[in-house]
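Beneath this line is the structure, given in structure tokens, with notes to follow.
Read-outs throughout are calculated quantities, based only on the coordinates presented, and are distinct from any laboratory measurement. The model shown is predicted, which means the values in this text are computed figures rather than measured ones. Cβ placement follows ideal geometry from the backbone for every residue including glycine, while neighbour counts extend to all protein chains displayed.
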Amino acid sequence: MAPISSSRAHGSGRGRIDTDLAAGTGLAFVAGFVDAAAFIALTGLFTAHVTGNFVLLGAELVSTSTGVVAKLLALPAFVGAVAATRLLALALERRGLAPLRWLLALEIALLATFCVAGLALSPLGSPDGVAAVTVGMLGVAAMGVQNAIGRLGLAHLAATTVMTVNVTQAVIDLVDWARGAVPPDGAARDRMRRMLPAVLAFAVGALAGAFGIAALSFGCLVIPIAVLTVLAFLRGD
């Protein structure tokens with residue numbers, strides 16, 4: 001899937017929707033929401049990125065806590081989801097189909113399965129039990145697909161699942177602006193325009209996911225599913 005180098009917009013005049021900005025913001029919200037909700041519901045399992053699971057796995061191996069099995073399986077589940085997404089994108093391209101909408105549909109399907117399985121199997125019991133691990137791997141797979149989407153079709157946007165790089169680059173750009181090393185427009189401004197909404201959306205999503213899982217259990221996942229559905233409609237490329 002070739003990266004899209006220019007911003008897309010729907011509509012005309014003031015009613016235009018910047019679909020690049022909508023995609024970056026919406027996907028960041030989804031990642032924050034799912035990561036926070038899953039972390040709470042699945043005893044500290046990160047679904048949107050694997051780095052946190054490595055740290056927690058090391059901590060749990062030297063303590064008496066549980067949840068080791070899910071964190072061990074998170075990496076192969078994540079890698080498998082990314083690989084499957086890549087192969088699907090290539091297959092769609094060979095058939096002359098634009099992959100992005102189909103890949104978003106795959107993420108929607110996995111998140112819906114994550115939601116239904118979580119509701120059906122609750123209470124999940126032990127974090128190392130079959131129910132909790134099964135549900136957790138569905139969440140990891142869904143976020144693996146989103147990570148692949150970010151690299152394959154939306155690489156020109158800010159990262160949507162891990163905010164460390166975005167915050168670091170934003171601080172570097174702000175320092176350079178403050179010292180007059182770069183003009184107040186151009187590449188730095190474009191990066192800031194992409195990154196700041198993603199960081200804020202991720203934070204809002206994380207708060208919403210935390211409150212959502214507390215109030216509605218896995219049923220709260222209908223919110224990120226709805227956001228992805230809107231994005232799939234907007235982004236037909």
Quiz item: Given just the C-alpha atoms of region 113-221, how large is their convex hull per residue in cubic angstrom?
Solution: 114 Å³
Quiz item: Going toward the positive end of the dipole of region 18-234, with +1 on Lys and Arg Cβ and -1 on Asp and Glu Cβ, which of Val140, Asn166, Leu100 do you reach last?
Solution: Leu100
Quiz prompt | For Val222, Val227, order by how many other beta-carbon atoms lie within 10 Å, fewest first | solution = Val222, Val227
Quiz item: How many percent of the alpha carbon pairs in region 18-234 exceed a separation of 27 Å?
Solution: 33 percent
Quiz item: Where the only charges are on Cβ atoms (+1 Lys, Arg; -1 Asp, Glu), what is the dipole of region 18-234 about its Cα centre, to the nearest 20 debye?
Solution: 320 debye
Self-check item: Dipole-positive endmost among Gly32, Ala206, Val227 within region 18-234 (Cβ charges, Cα centre)
Solution: Val227
